[in-house]
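Please treat every number below as a calculation from the coordinates, not as lab data. The structure presented is a predicted model; accordingly, all values stated were derived computationally and were not measured. Note that we place each Cβ from the backbone using ideal geometry, even for glycine, and neighbour counts take in every protein chain shown.
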Amino acid sequence: MPEDNLNILEQVISMTRERDKRSLESSFVEILSGVLGFEMAMLVKVSHGKNDWSLEVLSYYARGFEDAGSTYARPKIVAPMDDLIRQCIETQTSVSEERESSSRRIYPVIVNYSVKALLMVYTRAMSAQLDQMAQSFVQIYSNFMAVLDDNERDTLTGLFNRKAFDSHISELLEDVEKKMGGAFHDVDRRGQITEANRWLGILDIDHFKRINDTYGHLYGDEVLMIFSNLMQKSFRKSDLLFRYGGEEFVVILTPASEKDAIKVFNRFRERLEAYDVPQVGQVTVSIGIAKLTPNAHPATVVENADQSLYYAKENGRNRVANFHQLVDQGILKARSIKDEIELF
């Protein structure tokens, strides 16, 4: 086997050793650029907003700045959208344009039939062989990302699983800490600037054991699937939805004010209450919510939401309980930093 081909195989093997998505994003761009000799390459996440797609740079490589790829993803950088990028997303095929001194080519990273990311490469000359090799690397990366994505999904509901939650909660708390005072800001309908935060809600289906015992696990599974489908229809695409375990689910909201967060969770609770589940009838949910605050341990945020969930279930069920309101009312007590250190 020619030495060059052996080197490429070794690089592919090295890339597929990664099990963390963030590390894989960085190594993919660096390895591909090193093997194929691109001047610059950029991996960009694609998210679908209300009116258009948004792009976030995940990793990049530039010749002469080889160490940049691992750090460029933090802080988050939003990439500009243009017609060529939009064409690539819409057609799900690679596109290119020639410039005076370089060639730009964009490859879609397709996972489960959807464009999840784009690889944008810049080189002085793009031969047919180089283009084919780049496409092969992108296909390998897409397939491997699909495997990692499946490993983070609950097989019954299709929502993120507990493993994915453990990964996301730490990343989101890091993001909160980078914002001033841990707060985001939003503009309401009247044009007033309001403080917004990420909110974590734990949702527990009321009397789920009774459903299983009365109707059997087959109907219990159907309730879980209906519940998860309603979640996906009720919350925004930018909200993170998890099946935490059994009949417990977790939602992490896109930054929202306290008033809006309560409204969003109540809207879902009311939508579920009004749904007539075949054979079972009415199903309700109790919800405990807590704010993601800077310097908080992930387990503390979960415990805060769990305390408020317990309060909701002990006080009538089918309601939303806000941890911070309950603390202000003296009903619950916030843990101190000392308590957190002793526990962990």
Filter on 116/259; 209/313; 116/263; 313/333; 291/313; 237/291 - keep pairs with C-alpha separation over 25 Å: 116/259; 116/263
Added length on full extension, which subtracts the Cα-Cα distance from 0.36 nm per residue, residue 53 to residue 259: 71.4 nm
Cβ-derived FRET efficiency at R0 30 Å, residue 82 paired with residue 267, nearest 0.05: 0.25
Stretchable slack from residue 209 to residue 104, in nm (0.36 nm times residue separation minus alpha-carbon distance): 32.1 nm
Peptide ranges 216-225, 233-242 listed from the most packed, as the mean C-beta count within 10 angstrom indicates: 233-242, 216-225
Exposure proxy order (Cβ contacts within 10 Å, fewest to most) of 210, 319: 210, 319
Relative counts (whole %) of C-alpha pair distances in region 224-321, using bins that are 10 Å wide: 15, 49, 31, 5, 0
Distance from region 78-135 to region 144-167 (C-alpha centre basis), Å: 27 Å
Ranked by how many other beta carbons lie within 10 Å on average, peptides 281-293, 114-126 from highest: 281-293, 114-126
Fewest-first ranking of 150, 260, using other Cβ atoms within 10 Å as the exposure measure: 150, 260
Contour minus Cα-Cα distance for residue 163 and residue 329 (0.36 nm per residue): 56.3 nm
Residues 61, 310, 244, sorted so that the one with the fewest Cβ neighbours within 10 Å comes first: 310, 244, 61
